[in-house]
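Enquirer: One structure coming up, written as structure tokens, with questions to follow.
The values are calculated or read from the model by the stated rules, or taken from the named source; none is laboratory data. Bear in mind the structure is a predicted one, so any value in this text is a computation, not a measurement. No Cβ is skipped: glycine too gets one built from the backbone with ideal geometry, and neighbour counts run over all protein chains shown.
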Amino acid sequence: MRLLPRLLLIAVVVVVASDCQAFSVSEPVVRIVLVKDNVFDPVVINTVPAPTTVRWEWAPGNTYDHNVVFDSFQVAQAGGWLVNSPTQKVGIHEFQFGVAGVFEYRCTVHPEMTGTINVRPNLCENGCPIFP
């Protein structure tokens, strides 16, 4: 009977360690948002842990100009100073989010175009826990 609790403890340690490895970041991750006529696709990105780069790509064939604009205070909290994208029909814009948080953005030309980036903390930034 004493074997069962030990096996359960080992199973829990393996699951926690594997979850932690799933959240650790060995290299930055890039997530893509398409900028289409009057919509960001996807509207919400639930990212892997910081650092995560988000790349906005203007879809071919846009009829209207669009931009990506953040609140400057939010961006300062994100770990850098973001230069908002230019207003354009074609192009790419990138930003690397260095810290966890919820970051909302919009197109100032089309106020109904909004998006959200959810950056989770890196659960293993100080190394995964080791259990005895």
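Enquirer: Could you list, in sequence order, the residues of the stretch 79-98 that are touching a strand residue (DSSP E or B) at 6+ places or on another chain (Cβ under 6 Å), among the hydrophobic types (A, V, I, L, M, F, W, C), outside any strand (DSSP E or B) and at pLDDT below 90?
Expert: Answer for the stretch 79-98, where residues must be touching a strand residue (DSSP E or B) at 6+ places or on another chain (Cβ under 6 Å), among the hydrophobic types (A, V, I, L, M, F, W, C), outside any strand (DSSP E or B) and at pLDDT below 90: just Leu82.
Enquirer: Same structure again: Restricting attention to the stretch 20-30, does a residue exist that is at pLDDT 75 or above, touching a His at 6+ places or on another chain (Cβ under 9 Å) and surrounded by 12 or more Cβ atoms within 10 Å (Cβ to Cβ)?
Expert: The answer is no; no qualifying residue exists.
Enquirer: Quick check, is Asp37 under 17 Å from His110 (Cβ atoms) and modelled with pLDDT of 90 or more?
Expert: no
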